[in-house]
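*Asks:* The structure under discussion is supplied below as structure tokens; questions concerning it will follow.
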Amino acid sequence: MATPTLDHPSLPIVKAAFPSVRFLATSFRDMTVLVTPPEHLHPVLRFLRDTPSCDYNFLIDLFGVDYLDYPVAQPARFAVGYQLLSHRHEQRIVVKAYLDPTVDTSGIAVDAALELPSVCDLWPGAEWPEREVFDMFGIRFKNHPDLRRILLWKDYPAHPLRKDYPLRGRGEREHFAVLDRESR
């Protein structure tokens, strides 16, 4: 069986621009994923946006992933992905950075290891997706213009999309008054 090759046109350009950075790359169903170390994430994303031969001018999506108990080994527990589109070259690429927590993740403790640079300076539309990843996963974005919870109230005691968060919650629903039709 032949070994699949990665023939995305942006990969050699990025590798040539960052020769000392150790990247990983994979492709599945015509979607190429470039994994970059967190400390190089912002320069790589800026390069992909500003270099004419890449010109990834549109941030399609920004998402978080928790790989706790994932059946296939991953480089770290959490990942943040940036799905980019180049309108000029009609190309897409996902850039992903992995993060490993250094403290217990079952609560709301702030973990300095779960921090990435904000890309709001590159794509202003990243402001709300970064807030959502912060709210749901507890991953902070350095230099974000307004990093606060967006989906849950500010004193919510956890990050519900972490896989160590109980499916039925921790009693949050039991403290609310039940409203029926007659109590309006």
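The values are calculated or read from the model by the stated rules, or taken from the named source; none is laboratory data. Note that the coordinates shown come from a computational prediction; the quantities given were computed from them, not determined experimentally. Cβ sites come from the backbone with ideal geometry, for glycine too, and all protein chains shown count toward neighbours.
*Asks:* Out of everything in region 100-135 that is closer than 19 Å to LEU68 by Cα and touching an Asp or Glu at 6+ places or on another chain (Cβ under 8 Å), what residue ends up being modelled with the lowest pLDDT?
*Replies:* Filtering region 100-135 for residues that are closer than 19 Å to LEU68 by Cα and touching an Asp or Glu at 6+ places or on another chain (Cβ under 8 Å), the one modelled with the lowest pLDDT comes out as SER106.
Condition check ((1) loosely packed, with under 14 Cβ neighbours inside 10 Å; (2) in contact with a His (Cβ under 8 Å, 6 or more places away or on another chain); (3) aromatic (Phe, Trp, Tyr)) across all residues:
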{"residue": "SER118", "(1), (2), (3)": "no, yes, no"}
{"residue": "GLU132", "(1), (2), (3)": "no, no, no"}
{"residue": "PHE141", "(1), (2), (3)": "no, no, yes"}
{"residue": "ASP146", "(1), (2), (3)": "yes, no, no"}
{"residue": "TRP153", "(1), (2), (3)": "yes, no, yes"}
{"residue": "ALA158", "(1), (2), (3)": "no, no, no"}
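*Asks:* Same structure again: Given the criteria modelled with pLDDT of 95 or more and under 19 Å from VAL133 (Cα atoms), does LEU45 qualify?
*Replies:* yes
*Asks:* Does any residue of region 52-62 turn out to be touching a residue at least 24 places away in the same chain (Cβ under 8 Å), closer than 20 Å to ALA113 by Cα and within 20 Å of the chain's Cα centre (by Cα)?
*Replies:* yes
*Asks:* Could you please give the count of residues in region 75-100 that are surrounded by fewer than 16 Cβ atoms within 10 Å (Cβ to Cβ) and either under 20 Å from GLU127 (Cβ atoms) or in contact with a strand residue (DSSP E or B) (Cβ under 8 Å, 6 or more places away or on another chain) (or both)?
*Replies:* Number of matching residues: 4.
*Asks:* Filter region 15-51 down to the residues that are surrounded by 14 or more Cβ atoms within 10 Å (Cβ to Cβ), without any contact (Cβ under 8 Å) to a residue 40 or more places away in the chain, over 14 Å from ARG92 (Cβ atoms) and of a type in the set (S, T, N, Q) and list them by number.
*Replies:* THR51
*Asks:* For region 93-152, what are the residues that are without any contact (Cβ under 8 Å) to a residue 12 or more places away in the chain and outside any loop (DSSP other than H, G, I, E, B)?
*Replies:* PRO124
*Asks:* Is it fair to say ALA73 is modelled with pLDDT under 95, small (Gly, Ala, Ser) and out of contact with any His (no Cβ under 8 Å at 6 or more places or on another chain)?
*Replies:* Against the criterion (modelled with pLDDT under 95, small (Gly, Ala, Ser) and out of contact with any His (no Cβ under 8 Å at 6 or more places or on another chain)), ALA73 qualifies.
*Asks:* Within region 36-51, work out how many residues are under 13 Å from LEU116 (Cβ atoms) and touching a helix residue (DSSP H, G or I) at 6+ places or on another chain (Cβ under 6 Å).
*Replies:* Residues in region 36-51 being under 13 Å from LEU116 (Cβ atoms) and touching a helix residue (DSSP H, G or I) at 6+ places or on another chain (Cβ under 6 Å): 1 in total.
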